[in-house]
Amino acid sequence: MSAAAGLRPELPELSLEGWEPTKNTLHLWVQIVGKVRMVSSAPRNHWWHVPLYVDVRGLTTRRMHARSGVTFEIDFDFVDHRLVVATSCGAVESFELVDGLSVAEFDRKLHAALARLGADVAIRETPFGVPMTTPFPADREHAAYDRDAVERFSRILDWTDGVFEEFAGWYCGKTSPVHLFWHALDLAVTRFGGKRAPVLAEADPVTREAYSHEVVSFGFWPGDQNVREPTFYSYTAPEPADLRRRPLQPAEAFWADQGTGSLARLPYEVVRTADDPKRTLLAFLESAYRAGAGAAGWDAADLESSWCPDPDSVTVAT
């Protein structure tokens, strides 16, 4: 049996148009929690102290340390649809995630819960990297919450996280955790080639830290104002010459413009409806990696782990 074999998952449909108001509200909620994590965690390379993680009930910050000495975590429970704050002392605060809960009210409730637990922190109360610009405490516009859509999104994250974890195990070089970055609401995993990248002198500090080394990165995001469907992606940074000439799998994968660079894209719907979704996604990830690593001159053979399967086992018919 190949590494990609297994029972076919029943992946849910999730068109962006069908849940965009909820997705935008959830995105802003996640940014608020992510900013609490950023302030409450020691800095890590490439901003790895900032993302959230998929867990069995939704999303989690994992353990954080308040300046008061309280150890705590914040979870989005997409099973019972609650925001849960728990401490190592056994104290728990929570509130319901419900249609009509505005960003402003979510922000107020979260800070109040943190204050009661002795873990509240001041954050920059403005959205980051999204079209919405209203400060969180004043945003009463975004208040949509479709429980069914959120549950479907959570199922997709759970399945994708598992495939990304398997793919990460095929590489013995430096690899990021599989984590959810809240600026774009994308689940991502990144491979590092080992060489420092040229300094991006004109870039902001966030970008300079994120791309200090050569990377091939992979991810999934549910769509936005520019990409109007849930999509798997990959990019190589710095982008090497002739990247776009490299083949991708499956046949529906393609290279697209992304800012000043190139993005390998595969629509989620192609994966969802494939005879073997896992093999299809792994084929895309592996082909995008080989495109980026090959064009950048990485020693791909030396960077393979002992768990990396034969390439033929993760190809798909074209």
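The values are calculated or read from the model by the stated rules, or taken from the named source; none is laboratory data. Keep in mind that what you see is a predicted model, and the values were worked out from it rather than measured. Because the Cβ atoms are built from the backbone with ideal geometry, glycine has one as well, and the counts that use them run over all protein chains shown. Heavy atoms of the whole protein, side chains included, go into the accessibility calculation; ligands, DNA and RNA do not. Shrake-Rupley method; radii C 1.70, N 1.55, O 1.52, S 1.80 Å.
Can you say whether SER68 is without any contact (Cβ under 8 Å) to a residue 24 or more places away in the chain and either part of a helix (DSSP H, G or I) or not aromatic (Phe, Trp, Tyr) (or both), as far as the supplied structure shows?
So SER68 fails the test.
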### Filter result (within 25 Å of the chain's Cα centre (by Cα), modelled with pLDDT of 95 or more, among the small types (Gly, Ala, Ser) and loosely packed, with under 15 Cβ neighbours inside 10 Å) within the range 109-143
ALA122
### Message
Give me the residue from the range 222-236 that is closer than 23 Å to ALA291 by Cα and open to solvent by less than 20 Å² (accessible area, probe 1.4 Å) and, out of that set, modelled with the lowest pLDDT.
### Response
VAL227
### Query
Residues in the range 204-221 that are open to solvent by 40 Å² or more (accessible area, probe 1.4 Å) and aromatic (Phe, Trp, Tyr): how many?
1
### Query
When you go through VAL189, VAL215, VAL206, VAL199 one by one, which is the residue that is in contact (Cβ under 8 Å) with a residue 40 or more places away in the chain and β-branched (Val, Ile, Thr)?
VAL206
### Message
Taking the criterion of being open to solvent by 50 Å² or more (accessible area, probe 1.4 Å) and in a helix (DSSP H, G or I), would at least one residue in the range 49-64 satisfy it?
### Response
no
### Odd one out for GLY118, checked against (1) assigned to a helix (DSSP H, G or I); (2) free of Cβ contacts under 8 Å to residues at least 60 places away in the same chain; (3) not aromatic (Phe, Trp, Tyr)
(1)
